[in-house]
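Only one structure is covered here, and it is reproduced in the block below.
The values are calculated or read from the model by the stated rules, or taken from the named source; none is laboratory data. For clarity, every value in this text was computed on a predicted model and none was experimentally measured. Cβ placement follows ideal geometry from the backbone for every residue including glycine, while neighbour counts extend to all protein chains displayed.
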Ligand code: NAD
């Protein structure tokens, strides 16, 4: 339990993951470009740069918005790869797709640094509760070694295969999550506009074949689920920008093997359109309001 952990990126997910590391007795060195985010975590050691955070660490996490940011942070001019100790384990839990994950893996390997792609599912609720599901790509022995630390933040760890396999797994999951959100919001908007009671419709769906994580826990209609972002003015949660990114990554991955992804593409375009309407920072369940035609930014 005496790992020297560094954690970079303290947003919706990262801040909560760090809180759980602290709860399990770790004292991670942390960094975020936004000072307010840096101040939000108690019991960790705030650092003034990513380089400072990774100094002396043997397990380093990144939880950043996009692949480009991960690339800059790890491989860039001031990238942490130059500062990380040999044989240390670098783990990226962001959703960035398999291509950049493999690029980072190879660059790390060339410097005798071990890299795993370790994207997560479970959202902010899972991050808060420490019940995330980790999907791991890279060397299996590295996965085994770091599993106890991952279990400080998550309930399940799956070794998915070689470098990039964690990312591919995550994209497949989020394809379903994105498409299901669109479908659930469409159905709820249809039913409510045709005069149905939202609660009764939801209760029926949740004991019928239309049920999903979305209808059960992440319901897009405000007031239906106490802890869902929809009930909190669509703030917090998983942003439109990020699901659009993930569906784009899924489409890109599909293109590389010519697999058809009709619904991923349609959903991708929908969320991108919502982005242009200024909804990029809202939780993606705001698709319900968008379809309803009543949009509160
Ligand atoms: P977020 O935007 O809330 O957090 C990202 C954090 O990174 C921010 O605090 C930002 O200030 C920081 N950051 C940006 N550039 C930086 C840099 N150069 N150096 C240091 N910090 C920097 O995003 P999030 O919701 O926490 O998601 C993070 C990643 O996890 C994304 O790839 C997302 O797709 C994925 N993810 C999100 C969820 C979710 O429900 N929110 C669930 C699973 C996976």
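Taking every residue in segment 267-292 that is farther than 23 Å from residue 124 by Cα and pairing it with any residue that is at pLDDT below 95, at least 6 positions away or on another chain, the pairs with Cβ-Cβ distances below 7 Å are 277/295. Take the conditions surrounded by 14 or more Cβ atoms within 10 Å (Cβ to Cβ) and in contact with a helix residue (DSSP H, G or I) (Cβ under 6 Å, 6 or more places away or on another chain) and apply them to residue 237. Does it pass? So residue 237 fits the description; yes.
Put simply, of 115, 134 the only residue that is closer than 26 Å to residue 27 by Cβ and within 12 Å of the ligand (Cβ to nearest atom) is 134.
Counting only helices (runs of 4 or more DSSP H) wholly contained in segment 1-77, the ones carrying 2 or more residues that are modelled with pLDDT of 95 or more, away from the ligand (no atom under 12 Å from the Cβ) and buried (at least 17 other Cβ atoms within 10 Å of the Cβ) occupy 12-23. Pairs linking a residue in segment 62-81 that is in contact (Cβ under 8 Å) with a residue 24 or more places away in the chain to a residue that is part of a loop (DSSP other than H, G, I, E, B) and more than 8 Å from the ligand (Cβ to nearest atom), with Cβ atoms under 7 Å and 6 or more positions apart or on different chains, are 67/97; 73/79; 81/111; 81/113. Check whether at least one residue in segment 200-215 is in contact with a helix residue (DSSP H, G or I) (Cβ under 9 Å, 6 or more places away or on another chain), closer than 23 Å to residue 93 by Cα and either within 14 Å of the ligand (Cβ to nearest atom) or in the same structural domain as residue 121 (by TED's automatic domain parsing) (or both), and report yes or no. Within segment 200-215, one or more residues are in contact with a helix residue (DSSP H, G or I) (Cβ under 9 Å, 6 or more places away or on another chain), closer than 23 Å to residue 93 by Cα and either within 14 Å of the ligand (Cβ to nearest atom) or in the same structural domain as residue 121 (by TED's automatic domain parsing) (or both). Of the helices (runs of 4 or more DSSP H) lying entirely inside segment 220-297, those carrying at least 3 residues that are in the same structural domain as residue 179 (by TED's automatic domain parsing), at negative phi and under 18 Å from the mean Cα position of the chain (by Cα) are 240-257, 262-274.
Of note, residue 81 satisfies the criterion of being within 23 Å of the chain's Cα centre (by Cα), assigned to a helix (DSSP H, G or I) and either more than 8 Å from the ligand (Cβ to nearest atom) or farther than 22 Å from residue 114 by Cα (or both).
On the given criteria, is residue 91 assigned to a helix (DSSP H, G or I) and either more than 30 Å from residue 284 (Cα to Cα) or within 14 Å of the ligand (Cβ to nearest atom) (or both)? In short, no.
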